[in-house]
Amino acid sequence: MTIGSSLFLIAVGANLRYAVTKATWHAINIHTVGLILMIVGVAGLILGIYLYAVRGRGAAVLVDDPDAPRRRVDY
């Protein structure tokens with residue numbers, strides 16, 4: 001789950017939890033569904049930020065291979 005989808009789940013859950021006036025829809029409590037979506041979104045956001053910090057972005061490791069062909073550069 002990416003950070004963007006986590007924020008989307010939090011936003012949808014907050015809308016269901018706080019903006020919907022009809023609390024039940026047949027046998028489903030909409031406020032509870034909103035709360036569950038917000039909890040899943042926050043958990044995904046924490047996991048996404050953790051993985052982003054651990055893996056990093058653009059951190060390239062350069063390995064000097066002695067068998068790699070070399071180019072001569074004359075300036």
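A short reminder: the numbers here are calculations on the coordinates, not readings from a lab. Remember, it's a predicted structure, so these values are computed and weren't measured experimentally. When we count neighbours, we look across all protein chains shown, and the Cβ atoms used for this are built from the backbone with ideal geometry, even at glycine.
Once the Cβ-Cβ distance of Val42 and Asp67 is raised to the sixth power relative to R0 = 35 Å, the FRET efficiency obtained is 0.10.
Cβ-Cβ distance of Ile3 and Thr24, R₀ of 22 Å, FRET efficiency by 1/(1 + (r/R0)^6): the value works out to about 0.10. Here the Karplus curve 6.51 cos²θ - 1.76 cosθ + 1.60, taken at θ = phi - 60°, turns the phi angles of the range 35-43 into couplings of 5, 5, 5, 5, 5, 5, x, 5, 5 Hz, with x standing for Gly and Pro. For the pair Leu35 and Arg55, label points projected 7 Å from Cα toward Cβ lie 3.3 nm apart. Phi angles across the range 3-8 convert, under the Karplus curve 6.51 cos²θ - 1.76 cosθ + 1.60 with θ = phi - 60°, into 3J(HN,Hα) values of 5, x, 5, 5, 5, 5 Hz, Gly and Pro given as x.
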